[in-house]
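To keep things clear, I will list the structure first and then write my remarks on it.
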Amino acid sequence: MDTSNHRITPAALEHLRDWVGREETVDDDLSAAPVRGMAAMLDLAKVPGARGEALRPLWHWLYFLPRAPQAELGDDGHPRLGGFLPPVPLPRRMWAGGRLEWLAPLHVGDVVRRSSRIASVAHKAGRSGDLVFVTVRHEVSRDGEVALTEEQDIVYRAAAQPGDPVPVAQPAPTDAVWSCDIRPDPVLLFRYSALTFNGHRIHYDRDYATGVEGYPGLVVHGPLIATLLCELAVQQRPDARLRRFAFKAVRPTFDTSPLRVCGKPSADGQSAQLWAQDHEGALTMQADVQFA
């Protein structure tokens, strides 16, 4: 389907909203191999993965992966439109943010189930064209007990056009207490794509990312940045357990420059403000974490 110049009409929006309430259930086991791969990618000194060991925050994203046959992929490397997610006829798709709450720990070796539901479909006319936001709600359970709830916000955007306005950069906070510099090179992006079975070409195919979708370089995965923010909090507060985490992508991050993940704990130590910034000090992701 050619989606390059498609407009979201009221009738098209109503059709997309037919997907609200649609459900999907996926079973998986939290095997050790993805955990060890993620630990290697993050250069963790202690390699987790022993059976029964607690799964680190956000590492459940290594599981419940979409496994569309090669013949069912679109030109962008994603599964073609339709199926569980609504067939939004806009070509650029990104994970815009999410909200998570841990109710019980997950462990390596657990057999788990993810129950998903399309919670909402919303349309917004942005400065550079149509935006459609799809929110998906997940519940991850073990032995019939819900261990994790999550809402994911997915944004679909119109194709980039010459002369599109450049978004104004929002300055990142300057009062970080925690920080870590990251070099998001193509190898890191490839390894994360492989770990999450993510075929989206904007993360590894430079010609596609720049020539087709109009980005200045390879796009750093939003979930990878969120994971790096969570890891910063875990490393700074190894004694604490995460209770809630919410994040929002503010500005795309590219492989052409380093990024910095930062944090500032609250005075009582029960929460922290987290953010990522680019090499020019512009805010690229903001997040909040609450400790149990």
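The values are calculated or read from the model by the stated rules, or taken from the named source; none is laboratory data. Worth saying up front: this structure is predicted, and the values here are computed from it rather than measured. Neighbour counts are summed over all protein chains in view; Cβ atoms, including those assigned to glycine, are modelled from backbone coordinates with ideal geometry. Please note that ligands, DNA and RNA were not included when accessible areas were found on the heavy atoms of the full protein model with its side chains. Shrake-Rupley method; radii C 1.70, N 1.55, O 1.52, S 1.80 Å.
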Conditions (1) more than 15 Å from the chain's Cα centre (by Cα); (2) modelled with pLDDT under 95; (3) more than 19 Å from ALA104 (Cβ to Cβ) -> PRO66 fails only (1)
Of ALA226, ALA194, which residue is farther than 21 Å from LEU73 by Cα and either acidic (Asp, Glu) or within 16 Å of the chain's Cα centre (by Cα) (or both)?
-> ALA226
Residue ID - surrounded by the most Cβ atoms within 10 Å (Cβ to Cβ), chosen from residues in region 197-215 that are touching a helix residue (DSSP H, G or I) at 6+ places or on another chain (Cβ under 7 Å) and not in a helix (DSSP H, G or I) = TYR204
Using the structure shown, decide if ARG142 is open to solvent by 60 Å² or more (accessible area, probe 1.4 Å) and more than 17 Å from the chain's Cα centre (by Cα).
-> no
Every pair of residues 6+ apart whose Cβ atoms lie under 6 Å, when the first sits in region 263-282 and is touching a residue at least 12 places away in the same chain (Cβ under 8 Å) and of a type in the set (Asp, Glu) while the second is open to solvent by less than 40 Å² (accessible area, probe 1.4 Å) and part of a strand (DSSP E or B) | ASP278/LEU259; ASP278/THR284
From the list ARG56, ARG92, pick out the single residue that is under 29 Å from ILE8 (Cβ atoms), buried (at least 19 other Cβ atoms within 10 Å of the Cβ), under 17 Å from the mean Cα position of the chain (by Cα) and among the basic types (Lys, Arg).
-> ARG92
Specify the residue that is nearest to PRO186 (Cα to Cα); the eligible residues are those in region 248-264 that are outside any loop (DSSP other than H, G, I, E, B), in contact with a Pro (Cβ under 9 Å, 6 or more places away or on another chain) and open to solvent by less than 30 Å² (accessible area, probe 1.4 Å).
-> LEU259
Positions within region 60-112 being farther than 24 Å from VAL146 by Cα, among the small types (Gly, Ala, Ser) and assigned to a loop (DSSP other than H, G, I, E, B), in sequence order | ALA68, GLY74, GLY77, GLY82, GLY83
Quickly run through region 111-130 and pick out the residues that are of a type in the set (Ser, Thr, Tyr) and within 17 Å of GLU23 (Cβ to Cβ).
-> SER115, SER116, SER120
Return the total of residues in region 5-52 being within 24 Å of the chain's Cα centre (by Cα) and either part of a loop (DSSP other than H, G, I, E, B) or at pLDDT below 90 (or both).
-> 11
